[in-house]
Amino acid sequence: MADTTLLLSLRPEFAELVFTGVKKVEFRRVRPRVQANEWVLVYVSTPVQALVGAIQVANVIECSPASLWRKVRNDAGISRRQFDEYYVGVPTAYAIVLSAVKRLPEPVTLSRLRQVWPDFHPPQCYRYLKQFQTSLINC
């Protein structure tokens, strides 16, 4: 078991695409420290402000933005224009390829997260949680 768990912050529109299976890759400008079969927690930003589920990593792709688009365009869930805008000026692009998604039966709201973990701050993009912190979220 990993010492840390990745907590990603997604905008509501992208989270919905992930959990409905339209978007099967999550794009990142910095390589996340995750490996195949690990689960990643998903926090949805404003206006939802809640932990809504988890995604399982199939693998992480690292290559040029142009090459990445050729590899994942059918599973991107976004337009080429959105993709290009996200990676402008970046020589290396990363994509977390998803093997499974799980939506929580009820989202864990920001206020609830702060009840069980008083110093919880939602990530701007992502953050790593230590095992004891992850156990606090299992509420």
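Only residues that are surrounded by 15 or more Cβ atoms within 10 Å (Cβ to Cβ) and more than 30 Å from residue 120 (Cα to Cα) were counted across the range 79-89, and they come to 1. In the range 23-47, the residues that are under 18 Å from residue 93 (Cα atoms) and surrounded by 17 or more Cβ atoms within 10 Å (Cβ to Cβ) form Cβ pairs under 7 Å with partners that are acidic (Asp, Glu) and at pLDDT 95 or above, at six or more places apart or across chains, as follows: 24/75; 25/75.
Considering only residues of the range 49-67 that are touching a helix residue (DSSP H, G or I) at 6+ places or on another chain (Cβ under 8 Å) and part of a strand (DSSP E or B), which is surrounded by the most Cβ atoms within 10 Å (Cβ to Cβ)? If you could, list the steps in order and put the result at the bottom.
Of the residues in the range 49-67, the ones touching a helix residue (DSSP H, G or I) at 6+ places or on another chain (Cβ under 8 Å) are 49-53, 55, 61, 63, 65.
Restricting the remaining residues to those that are part of a strand (DSSP E or B) gives 50-53, 55, 61, 63.
On the way: 50: 22, 51: 22, 52: 21, 53: 21, 55: 26, 61: 17, 63: 14.
Ranking the candidates gives 55 first.
Each residue in the range 88-139 was checked for being over 15 Å from the mean Cα position of the chain (by Cα), modelled with pLDDT under 95, hydrophobic (A, V, I, L, M, F, W, C) and closer than 25 Å to residue 60 by Cβ, and 1 of them qualify.
Being touching a Gly at 6+ places or on another chain (Cβ under 6 Å) and over 26 Å from residue 129 (Cα atoms) is a property that residue 22 has.
Every residue, every condition in (1) touching a Ser or Thr at 6+ places or on another chain (Cβ under 8 Å); (2) of a type in the set (A, V, I, L, M, F, W, C), yes or no:
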position: 6; (1), (2): no, yes
position: 19; (1), (2): no, yes
position: 43; (1), (2): yes, no
position: 70; (1), (2): no, no
position: 73; (1), (2): no, no
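Evaluating residue 11 against the criteria (1) more than 24 Å from residue 84 (Cα to Cα); (2) without any contact (Cβ under 8 Å) to a residue 40 or more places away in the chain leaves one unmet condition, (1).
Within the range 87-106, the residues that satisfy the criterion of being without any contact (Cβ under 8 Å) to a residue 40 or more places away in the chain and assigned to a strand (DSSP E or B) are 105, 106.
Tell me the residue from 27, 14 that is in a helix (DSSP H, G or I) and under 30 Å from residue 111 (Cβ atoms), please. Steps first, answer last, please.
Working: 27 fails: in a helix (DSSP H, G or I).
After applying the criteria, what remains is 14.
The values are calculated or read from the model by the stated rules, or taken from the named source; none is laboratory data. Please read all numbers here as calculations on a predicted model, not as lab measurements. Cβ coordinates were reconstructed from backbone atoms using ideal geometry, including for glycine residues, and neighbour counts include every protein chain displayed.
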